[in-house]
1. Over the C-alpha atoms of the protein assembly as shown, what are the Rg and the largest Cα-to-Cα span, Dmax, in Å?
2. Measure of size requested: the Rg and Dmax of chain B, with Cα atoms as the atom set and Å as the unit; please supply both.
3. Just from its helices, what would the mean residue ellipticity at 222 nm be for chain A, if runs of 4 or more DSSP H residues each count -39500 (n - 2.57) and the sum is divided by every residue, rounded to the nearest 500 deg cm²/dmol?
4. DSSP beta bridges in chain B, what fraction antiparallel, as a percent rounded to 5?
5. Using the alpha-carbon atoms, what tilt in degrees (0 to 90, nearest 10) does helix B:126-139 show relative to the longest principal axis of chain B?
6. Tell me, rounded to the nearest percent, the portion of alpha carbon pairs in segment B:129-235 spaced more than 17 Å apart.
7. Just to be sure I understand: with springs between alpha-carbon atoms less than 10 Å apart, which residue in B:Gln210, B:Gln340, B:Gln41 has the highest mean-square fluctuation in the Gaussian network model of chain B?
8. Over chain B, with a Gaussian network built from C-alpha contacts below 10 Å, which listed residue (B:Thr14, B:Thr134, B:Thr251) shows the highest mean-square fluctuation?
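Nothing in this text is a laboratory measurement; each read-out follows from the coordinates by a stated rule. What you see is a predicted model; the values in this text were computed from it and never measured. So basically every Cβ, Gly included, is an ideal-geometry build from the backbone, and we count neighbours across all protein chains shown.
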Amino acid sequence: MPTPLLLTPIMEDQLLRVLWDDDTLNDYPFAYLRGWCPCAVCQGHGGERHFIKVENPQLVSIDMVGNYAVNPTWNDGHETGIYTYAYLRSLGQSQDHPHSHNNPEEPD
Amino acid sequence: MGEHNTPDIHTRITERLRQIQYPGSQRDIVTLGLVGKVQVQADSVVVQIRASSIKEDVLRHLRGRITQELMTLPEVVHVHIHAFAAQSGQPHQGGQAGNQAVRERADIPGVRRILAVASGKGGVGKSTVAVNLTLALASLGHKVGLLDADIYGPSVPLMMGTDATPRAGQDKKIYPVEKYGVSLISMGFFLDDQSPVIWRGPIVMSIVRQFLRDVIWSELDYLVVDLPPGTGDIALTLAQEVPLHGGVVVTTPQDVALLDVQRGISMFKQVNVPLLGVIENMSFYECPVCHEREEVFGRGGAQKTGLKVLGAVPLVEEVRAGADAGKPVVVSAPDHPVAQEFFGIARQVVAAEEMQLPQSVH
C-alpha cells in the first residue's frame with residue numbers, strides 16, 4: 001500500500017501536498033479534496049461517489065487515522081471523511097479527470 | 001560563480017535549500033512545500049518551516065542541514081528556524097487558526113509497541129495464545145501489558161487467575177491489575193460472572209478507547225491486545241485509535257478456520273498493520289501414553305495463509321488446564337514443550353517486530 005511520507009497543507013496555494021513513500025508527489029486543492037469526501041454524510045450509502053461542491057473550504061487540521069488513513073477537519077466543522085491511503089492516492093492520480101477514475105463503471 | 005554577477009540573497013538561499021533532500025525521498029524540501037517564509041535581516045536568516053506531518057527526529061535532522069547549507073553563504077552569520085513537528089493528540093479538538101495542524105493519533109504514553117492478536121473465527125484459542133504469548137514475552141525480560149478487547153466475552157481474568165478490581169487513579173484514570181508480572185485490563189474486572197454485556201457498538205468502542213487511554217499503563221515494551229473474534233467494530237476502533245505495530249493471527253489447521261483467518265489477514269492489510277505471522281493452535285494431539293501424533297484438525301493450514309508461521313501449539317491437556325485454573329502453562333510448567341513453543345513464538349514476534357519486516361500476503 002502506498003503510504004504518505006509527508007503531508008503539508010500549503011495555505012498560500014490552498015492545497016494539501018502529499019509526498020508518498022515511492023517518491024510520488026501529489027497536490028490536492030482544498031476544494032477538490034473536500035469535494036471528493038468519501039464519508040456517508042456526503043456520499044450516502046451505496047451508489048457512485050459524487051463530487052460535493054463547497055465554496056472555498058479551508059482545511060483546519062488533518063488527523064492521521066491509525067496506519068491507513070487521514071481525516072481532515074474543515075472550517076465548516078465537517079470532519080467525518082476518512083480518506084484511506086489507497087483512496088487518497090487514487091484521487092491524486094486522477095486529479096484532472098476525477099469522474100473517469102472514481103466511477104470506472106460509469107458509461108460516458 | 002562570478003563575483004560581478006551574484007544573484008540576490010533570496011535566490012541563493014533557495015538554491016541552498018534545494019540541496020536538502022527529505023529523508024527517504026529524492027525530493028528537496030522546497031519542492032515538498034516545507035519551506036514557508038524566508039526573511040533576511042542583516043546577517044540573519046529566518047526560515048519558516050510549514051506545519052506538516054513531519055516527525056520530530058526528521059525535523060531535527062533538517063534543522064541541522066538547513067543551518068549547515070545556509071552557513072555556506074558568506075553573508076549569513078545567524079540562522080533561525082521556526083518549525084513545528086506533527087502534533088500528537090486526540091482528534092477533533094480544534095486546530096489553531098492559521099496553523100493547519102497535522103496530528104498523529106496519540107501513542108499511549110510509555111507504551112513502546114502495540115501488538116494485536118486476532119483470529120477470523122472464534123474458538124481457535126486466541127485468548128489462550130494471547131495470554132501465553134504475553135507471559136512468554138514477560139519471561140524474556142520485556143515489560144508487557146495485556147488488554148482484553150473482547151468486551152462481550154472477556155476470558156483473560158479467568159485464564160490469568162485474578163478477579164481483582166482495578167484501582168482508581170486521579171482524573172478518572174484506572175490502574176491495571178498486576179498478575180504474574182504483567183499488567184492486565186479486561187471488561188471481566190468490571191462485571192459479575194453472570195451478567196452479560198448487552199451493548200451496542202458505540203458503547204463498546206468507547207470502552208476500548210478508555211482501555212487504551214484511561215488506563216495507567218506505565219512503561220511497557222509491549223502491549224498485547226487480545227481482539228474479539230472477527231473483523232468488527234472493536235478491531236476497527238483499535239486500528240483507528242492507535243498506531244498498531246504488528247498483528248498476529250491465530251488459527252487452527254482446519255480449512256473452515258482458514259477461510260475466516262483470511263478475513264482477519266485482509267483486515268490488517270486494509271488498515272495497513274504489519275502482519276508478523278500466524279500461530280497455529282491445536283496443531284496436533286499427542287497421545288500421552290503412546291506419543292503418537294494425531295492431526296485432529298488436519299495439517300498445514302497455517303502455511304496456506306502464505307504468512308510466516310510463528311509456531312504450532314499442540315492440543316495438550318496442560319494448556320487447557322492451565323487456562324481454566326488461572327495458571328497459564330508458560331508460568332505453571334515453563335519447561336513443558338508447549339511452554340517452550342510459546343517462548344519460541346515470543347522470540348519470533350520480537351524478532352519480526354524489531355526487524356520491522358511486514359509480511360506481505362501476496
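1. In Å, with Rg to one decimal and Dmax whole: 26.0, 96.
2. My reading of the Cα-based Rg and Dmax gives 25.9, 96 Å.
3. Roughly -5000 deg cm²/dmol at 222 nm, from the helical runs in chain A.
4. On the way: 12 of 50 bridges.
Counting only bridges with both partners in chain B, antiparallel ones make up about 25 percent.
5. Tilt of helix B:126-139: around 70 degrees.
6. That tail contains 51 percent of the Cα-Cα pairs.
7. B:Gln41
8. In the Gaussian network model the winner is B:Thr14.
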